[in-house]
Ligand SMILES: [Zn+2]
Ligand SMILES: [Zn+2]
C-alpha cells in the first residue's frame, strides 16, 4: 500500500517522526525492484464510518478542527501537544494512512492478495478518544475492526514495536475475537508505561485475549528472539486466526534514539520472517497484514528494516549481505546530507538464539519476563505455562 501523500503525516521539523523515513523506505523498495515484484496500490482515505469503528465522533471532530486550524487544537484530546503537534492537513494525512491499512485488510480478507504491507501504518498508540505517542488515528485497530465488520471471528495482532501496543489492546480489551500480543521494553523504563504481563484482557470471555511481554531495557538479539519464540508461535498456533496482523516498529534497534533495547536489523528481519512463516503455517490462505510503526533512526535503520519486510511479503526476500544500490545511497545524501548504510545487514546474520523448550534460568531477567507472561496468560488460554 503506498500513496506518496502519506509523507504529509508531518509533525514538523525537530519532531522525531520525520516523514523522510517513509520516502526513503519507498525509495529503497524501488531500488531493489520490489515494486515490480508485487502490486503497489493506494487505497482511499478512511471515511467517517470507518473511523467510527474505533474512534469517538467527538475526537474525529477535534482532529478535523485542529487540521483546519492548528492553533485551535484541543489539548484535552491530546492534540497540539509536544508529542502530537497539530498541523494543517492532519486529519487528511492520518485518514490516508488509516485507509491504507484498512485497504490492506480488505484485500487480504477478500483473497485479492495473500499478504499486504503498509509501512506507513502501525500507529498503535492512538486511543478511541485521543491522540497519543505520535499517533492520531489507530490504523492497526481500524484494520482489525474492519475485518470483524467483514465477518472475521478470529484476528491475531502481534506487535514488536519497542513500545507497548496500548491503543490496539485498549480497542479490543473486551473482545475475545481479537488476540493482541505485544513485545516491548518494560513499562518501568518506557512510554506509555503500560503493557505489564498482568494485563490480560477484560474479565469474562475476553480474559486471556491480551498478552504482554515486558522486556528488560538492554535486551539484545538473542533475548528478543528467544522471548518472541517462547510466546508468539504457540499462541498463534492455538488461536488459529483467520488473519494475522503484525506491527513492525523498528525502534527496537540499538541505534534508536528513543528507547533502550539493543536489537539489530538482522534480528528484526528474523522476526519478520517468523511472522511470515506463522501466517503460512497457521492462517488459512496465509492472510497477513504487515504494518510499520515507530523507528527514529530514520536513515540508518527504518528504510532497511521495512524494505526487508516488503521483500519477505513479496516473496522476493532481500539478502542481508546484499550491497545497497548506489542510486539509493545518493538519494539519501541528497535528501539528508547523511551517509547511507552500505549493506542490508548489521553484520549479525544469521542470528542464533536459545530455544525456550531447551530450558530456562529462573535467575535470568529475560527468562523472568517470559515466565511472567506465560504464567499470567497461558493458563487462561488452556496452555501450559
Ligand atoms: Zn515505538
Ligand atoms: Zn508468503
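Summary table
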| read-out | value |
| --- | --- |
| Residue within the range 130-138 that is within 16 Å of ligand 2 (Cβ to nearest atom) and either modelled with pLDDT under 95 or over 17 Å from the mean Cα position of the chain (by Cα) (or both) present | no |
| Residue check, residue 274 assigned to a helix (DSSP H, G or I) and surrounded by 22 or more Cβ atoms within 10 Å (Cβ to Cβ) | no |
| Condition broken by residue 257, with the remaining ones in (1) more than 15 Å from ligand 1 (Cβ to nearest atom); (2) farther than 20 Å from residue 347 by Cα; (3) over 17 Å from the mean Cα position of the chain (by Cα) satisfied | (1) |
| Tally, over the range 318-344, of residues that are within 16 Å of ligand 2 (Cβ to nearest atom) and either over 24 Å from the mean Cα position of the chain (by Cα) or surrounded by fewer than 18 Cβ atoms within 10 Å (Cβ to Cβ) (or both) | 0 |
| The lone exception for residue 317 - which of (1) at negative phi; (2) away from ligand 1 (no atom under 16 Å from the Cβ); (3) not in a loop (DSSP other than H, G, I, E, B) it fails | (3) |
| Selection within the range 140-169 - within 16 Å of ligand 1 (Cβ to nearest atom), within 20 Å of residue 84 (Cα to Cα) and not in a loop (DSSP other than H, G, I, E, B) | 140, 141, 166, 167, 168 |
| Output for the range 107-139, where each listed residue is under 29 Å from residue 83 (Cα atoms), in a loop (DSSP other than H, G, I, E, B) and out of contact with any strand residue (DSSP E or B) (no Cβ under 8 Å at 6 or more places or on another chain) | 120, 128, 129, 131, 133, 134, 136, 137 |
| All positions within the range 279-303 that are within 16 Å of ligand 2 (Cβ to nearest atom), touching a residue at least 60 places away in the same chain (Cβ under 8 Å) and assigned to a helix (DSSP H, G or I) | 279, 285, 286 |
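The values are calculated or read from the model by the stated rules, or taken from the named source; none is laboratory data. Predicted, not measured: the structure shown is a model, and the values here were computed from it. No Cβ is skipped: glycine too gets one built from the backbone with ideal geometry, and neighbour counts run over all protein chains shown.
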